[in-house]
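Peer 1: Structure below; questions to follow.
Taken together, the values in this text are just the output of simple stated rules run on the coordinates, not laboratory data. Remember, it's a predicted structure, so these values are computed and weren't measured experimentally. Because the Cβ atoms are built from the backbone with ideal geometry, glycine has one as well, and the counts that use them run over all protein chains shown.
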Amino acid sequence: MIGSPANRLFCLVLLLLVIPAAVCGAPVTRTLSTAEPGADEVFTVSLSIEDMALGGVVETLPGGYAFAGTEHPDDRVLVRGQQVAFAVMNDTAVTYSVRAPASGSGDITGTWEDFLAESDGLIAASHVAVDGIETSAESAGVGPTASPAQQAASPFAVLAAVAGLTLAGWWGGRR
C-alpha cells in the first residue's frame, strides 16, 4: 500500500496534469447568425479559432442544408456532400454561408485538428431549424446525433473526478 505522503504526491501530480487540460477550452467555437433561418434563406456560420498555426476544421451540415460559399481561400476549402473542410494557417476566424432547405432541422457538428500541437477535438453542435419548426431526424433522412453534452464531457466532471481522487487519497492515508 502506498503511504500517505506518496498518495498526496500522486494526487498533486494528477491535479497538475489534468487541470490545465480541463481549463483550456476548445480552440474552435461556432456562432450562427440565426438558429431559425427562413425557408431557402442563406445564413452565416462563423468559426472562431484560437492558437492554431496549422490545422484543419471539418464541419458537417444537417441533411437538406447546403454550403453556399465562403471568403476563405478556394485552395483551402473542400466540399464533399454535407461536409465542408477548411485548412487553417494562422487564421483566427473562418466564416461561411449555408442555405437552409424549405423545411428541416438538425445539428451542425464539427471537428478540429491542430497539426503542430498534435491535438484534436469536437466543436459543440449548433442546432438549426427552418422557421423554428422541429422535424424528426428520420423524416429528414438524418440519423440521430449526440447532444453537445454527449459529445464532449464538461470540464467540471473532470474536476469532480480529480477532487474525488484527492479525497480518496487523503482518506486512505489517514487510516
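Peer 1: Residue by residue through the range 77-82, what is 3J(HN,Hα) from phi via Karplus (6.51 cos²θ - 1.76 cosθ + 1.60, θ = phi - 60°)? Round to whole Hz and write x for glycine and proline.
Peer 2: 10, 9, 10, 9, x, 8
Peer 1: Subtracting the Cα-Cα distance from 0.36 nm times the residue separation, let me have the gained length for Phe115 to Ala85 in nm, one decimal.
Peer 2: Working: separation 30, 0.36 × 30 = 10.80 nm, distance 1.46 nm.
The span from Phe115 to Ala85 would gain 9.3 nm if fully extended.
Peer 1: Could you work out the local net charge near Ala124, counting Lys and Arg as +1, Asp and Glu as -1, over the other residues with Cβ closer than 14 Å to its Cβ?
Peer 2: Values: positive: Arg30; negative: Glu59, Asp107.
Computed value for this residue: -1.
Peer 1: Per residue of the range 104-118, in order, report the coupling 6.51 cos²θ - 1.76 cosθ + 1.60 (Karplus, θ = phi - 60°) as ³J(HN,Hα) in whole Hz, putting x for Gly and Pro.
Peer 2: Once rounded to whole Hz, the list reads x, 9, x, 10, 8, 10, x, 10, 10, 9, 9, 5, 6, 7, 6.
Peer 1: Please give the peptides 105-113, 51-59, 35-43 ranked by average Cβ packing (other Cβ atoms within 10 Å per residue), highest first, as a rough proxy for protection. Walk me through the numbers on the way to the answer.
Peer 2: Values: 105-113: 22.0, 51-59: 18.2, 35-43: 15.0.
Put in order of decreasing packing, that is 105-113, 51-59, 35-43.
Peer 1: Consider a paramagnetic label point 7 Å from the Cα of Arg99 along Cα→Cβ; state which residues of the range 40-63 have an amide N under 13 Å from it.
Peer 2: 40-43
Peer 1: Moving to a separate point now. What is the Cα coordinate range of the range 27-151 on the first, second and third principal axes, sorted by size from largest, in whole angstrom?
Peer 2: Sorted from largest, the Cα extents of the range 27-151 read 41, 31, 23 Å.
Peer 1: Rounding to the nearest 20 debye, state how big the charge dipole of the range 27-151 is about its Cα centre with +1 on each Lys and Arg Cβ and -1 on each Asp and Glu Cβ. Working shown, then result.
Peer 2: Numbers: 4 positive and 18 negative charges, 43 e Å.
Dipole of the range 27-151, to the nearest 20 debye: 200 debye.
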